[in-house]
1. Pairs needed: first member in region 15-29, small (Gly, Ala, Ser); second member anywhere, in a loop (DSSP other than H, G, I, E, B); C-beta distance under 6 Å; at least 6 residues apart or different chains.
2. Can you spot a residue in region 79-90 that is assigned to a helix (DSSP H, G or I), within 15 Å of the ligand (Cβ to nearest atom) and surrounded by 15 or more Cβ atoms within 10 Å (Cβ to Cβ)?
3. Pull up region 179-197, narrow it to residues that are under 15 Å from Tyr159 (Cβ atoms), in contact (Cβ under 8 Å) with a residue 40 or more places away in the chain and open to solvent by less than 10 Å² (accessible area, probe 1.4 Å), then point me to the one that is farthest from the ligand (Cβ to nearest atom).
4. Could you tell me which numbered condition Tyr174 fails, if it satisfies all but one of (1) part of a helix (DSSP H, G or I); (2) within 15 Å of the ligand (Cβ to nearest atom); (3) surrounded by fewer than 21 Cβ atoms within 10 Å (Cβ to Cβ); (4) not basic (Lys, Arg)?
5. Among the residues of region 17-48, how many are within 16 Å of the ligand (Cβ to nearest atom), among the charged types (D, E, K, R) and either at pLDDT 95 or above or closer than 23 Å to Glu228 by Cβ (or both)?
6. Could you list all residues from region 115-143 that are out of contact with any strand residue (DSSP E or B) (no Cβ under 6 Å at 6 or more places or on another chain), closer than 20 Å to Leu154 by Cβ and open to solvent by 50 Å² or more (accessible area, probe 1.4 Å)?
7. Quick one: how many residues across region 101-114 are over 29 Å from Ile63 (Cα atoms) and either assigned to a loop (DSSP other than H, G, I, E, B) or modelled with pLDDT under 95 (or both)?
8. In region 210-243, which residue that is more than 18 Å from Asp32 (Cα to Cα), hydrophobic (A, V, I, L, M, F, W, C) and out of contact with any helix residue (DSSP H, G or I) (no Cβ under 6 Å at 6 or more places or on another chain) is least open to solvent (accessible area, probe 1.4 Å)?
Amino acid sequence: MGTKLSVNINKIATLRNSRGGNNPDVIKAAIDCQKFGADGITVHPRPDERHITYNDVREISKIITTEFNIEGNPTEEKFVALVLEVMPAQVTLVPDAIGQLTSNHGWNTIKEKDYLKKTIELFKNAGIRVSIFIDPVEEMAAAAADTGTDRIELYTEYYAKTYIKNREKAIADYIKTARIAEAKGLGINAGHDLDLENLRYFHQSIPYLLEVSIGHALICDALYFGLENAVQLYKRELNSYYK
Ligand code: PXP
């Protein structure tokens with residue numbers, strides 16, 4: 001089974017919210033991404049609802065035919081209640097602060113182990129798969145296994161930022177961290193700043209990657225190529241083994 005592409009549609013909501021009204025239509029975008037070949041839809045509702053709103057999440061859940069992944073910080077009670085109401089296939093827990101521009105660090109799975117354990121149990125008991133966002137640090141992957149999580153999501157910003165300068169160096173910690181996670185029986189997802197330039201090498205280097213979630217770059221590419229072509233181009237990168 002190949003690596004799944006989950007399209008993060010937050011940016012579509014950001015564009016819509018900039019004018020009020022319902023253009024572009026987030027629900028239509030979710031339906032279309034799935035039609036165009038996406039293996040999943042990701043949303044990241046934030047407490048100020050400046051991108052995807054809580055109501056969007058409810059509405060999107062009704063049209064999901066692939067995998068629904070909801071990201072967010074479980075310290076927000078509203079977020080936990082929303083996830084338990086909507087019952088997505090996966091919840092990705094991210095320690096982002098209120099008002100933060102975008103996610104910028106992973107969990108400290110050693111210090112926050114007890115908190116994570118309790119929170120993960122809540123979602124797993126409800127039948128929702130759990131993934132936790134971590135930096136590419138071996139100790140964090142090793143300790144993630146003690147939290148009861150099903151998967152980790154590797155935070156790929158460092159990889160993306162350093163890829164052009166030296167891709168072997170950029171990927172090194174991700175390979176090490178992924179190996180530890182795999183050996184501990186955890187599934188591996190990845191996301192943040194992945195794009196058409198850097199995705200293929202990441203995927204080739206970590207072939208047992210289960211899923212990538214991609215938003216910003218894919219929606220930007222859709223401005224030039226159209227949404228259907230953009231989704232297909234990213235899928236192609238995940239199916240290509242030589243460059
Ligand atoms: N994973 C997490 C936890 C995120 O917060 C985001 C951004 O919302 C992504 C993946 C996707 O990042 P990008 O929009 O850069 O593709």
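1. Qualifying pairs under 6 Å: Ala29/Ile9.
2. Yes, the conditions are met somewhere in region 79-90.
3. Asn189
4. Here Tyr174 clears every test but (3).
5. Result for region 17-48: 1.
6. Within region 115-143, Val137, Glu138, Glu139 meet the criteria.
7. Residues that pass the stated criteria total 9.
8. Among those that are more than 18 Å from Asp32 (Cα to Cα), hydrophobic (A, V, I, L, M, F, W, C) and out of contact with any helix residue (DSSP H, G or I) (no Cβ under 6 Å at 6 or more places or on another chain), it is Val212.
The values are calculated or read from the model by the stated rules, or taken from the named source; none is laboratory data. Note that the structure is a prediction, hence the values are computed from the model and not measured. Glycine gets a Cβ as well: all are built from the backbone with ideal geometry, and neighbour counts include every protein chain shown. What goes into the accessible areas is simple: the full protein's heavy atoms, side chains included, and nothing from ligands, DNA or RNA. Shrake-Rupley method; radii C 1.70, N 1.55, O 1.52, S 1.80 Å.
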